[in-house]
Amino acid sequence: MPPVIRPATRADVPAILEIYNSAVLHTTASYDLAPVSLESRYEWYDHRAAGGWPVLVAEEGGQVVGFSTFGPFREKAGYAATVEHSVYVREGLRGGGIGLALMHPLIAEAKRMGLHVMVGGIDAENAGSIAFHERLGFQQVAHMKQVGRKFDRWLDLVFMQLTL
């Protein structure tokens, strides 16, 4: 059965935090170096909600198994039609279609909002995420060498872009 995709509520924040912090600790999907606090994730969620930015969750068997969101790419007014997105899936469930189930309605929402471009920043060694984004129509537009550092190594960042 496919996951249920729905708007996140504040009650989902602890599950979102667990998924995110697992990625922080075990992957280069986020360049955060240490887990974030529950308080900071509530602030993140409240900021998204106040700005009218979507946060979606995927639910299976009553459990949140992934989330996606987008928000401003940059704060300057000239970038107002461009957003940067994130999608995270619970460890052990990646590659099973949850990410796609989260991204399709997120892209549809960006179009509904009249946005023009969606950008994703992806660790250059994350071939799975790059292929995932290519399946959605994203194209690689930049490869920034050694701009991040995590797990005692320099990391390259790839930017992928979808023109909506």
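Given the residues 102, 157, 93, which is the only one that is surrounded by 13 or more Cβ atoms within 10 Å (Cβ to Cβ) and modelled with pLDDT under 95?
93 is the lone residue from the list that is surrounded by 13 or more Cβ atoms within 10 Å (Cβ to Cβ) and modelled with pLDDT under 95.
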(message) Can you confirm whether residue 56 is of a type in the set (A, V, I, L, M, F, W, C), touching a Leu at 6+ places or on another chain (Cβ under 6 Å) and touching a residue at least 40 places away in the same chain (Cβ under 8 Å)?
(response) yes
(message) Looking at (1) touching a His at 6+ places or on another chain (Cβ under 8 Å); (2) over 30 Å from residue 153 (Cβ atoms), which one does residue 49 not meet, given that it meets all the others?
(response) (1)
(message) I'd like the full set of residues that are loosely packed, with under 14 Cβ neighbours inside 10 Å and more than 29 Å from residue 81 (Cβ to Cβ), limited to the range 39-70.
(response) 39, 61, 62, 63
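If you take the residues in the range 112-154 that are charged (D, E, K, R) and exposed (fewer than 14 other Cβ atoms within 10 Å of the Cβ), which one is nearest to residue 29 (Cα to Cα)?
Ranking the qualifying residues of the range 112-154, first place goes to 125.
Name the residues in the range 1-24 that are in a helix (DSSP H, G or I) and of a type in the set (Val, Ile, Thr), would you?
Listed by number, the residues that qualify are 13, 16, 19, 24.
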(request) Determine whether residue 32 is charged (D, E, K, R), assigned to a loop (DSSP other than H, G, I, E, B) and surrounded by fewer than 17 Cβ atoms within 10 Å (Cβ to Cβ). (result) yes
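Go through the residues of the range 72-80 one by one and say whether even a single one is touching a residue at least 12 places away in the same chain (Cβ under 8 Å), over 21 Å from residue 131 (Cβ atoms) and under 13 Å from the mean Cα position of the chain (by Cα).
yes
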(message) farther than 20 Å from residue 102 by Cα and without any contact (Cβ under 8 Å) to a residue 24 or more places away in the chain: is that true of residue 61 in this structure?
(response) no
(request) Considering (1) part of a strand (DSSP E or B); (2) crowded, with 16+ Cβ neighbours inside 10 Å; (3) of a type outside the set (Phe, Trp, Tyr), say which one residue 107 fails and leave the rest. (result) (1)
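Just checking, how many residues over the range 102-154 are among the acidic types (Asp, Glu) and either in contact with a Ser or Thr (Cβ under 9 Å, 6 or more places away or on another chain) or in contact (Cβ under 8 Å) with a residue 40 or more places away in the chain (or both)?
Total meeting the criteria: 3.
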(message) With the requirement that a residue be within 23 Å of residue 133 (Cα to Cα) and surrounded by 14 or more Cβ atoms within 10 Å (Cβ to Cβ), what does the range 18-29 give you?
(response) 19, 20, 21, 22, 23, 24, 27, 28, 29
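The values are calculated or read from the model by the stated rules, or taken from the named source; none is laboratory data. Computed from a predicted model, the values in this text were never measured in an experiment. Note that each Cβ is placed from the backbone with ideal geometry, even for glycine, and that neighbours are counted across all protein chains shown.
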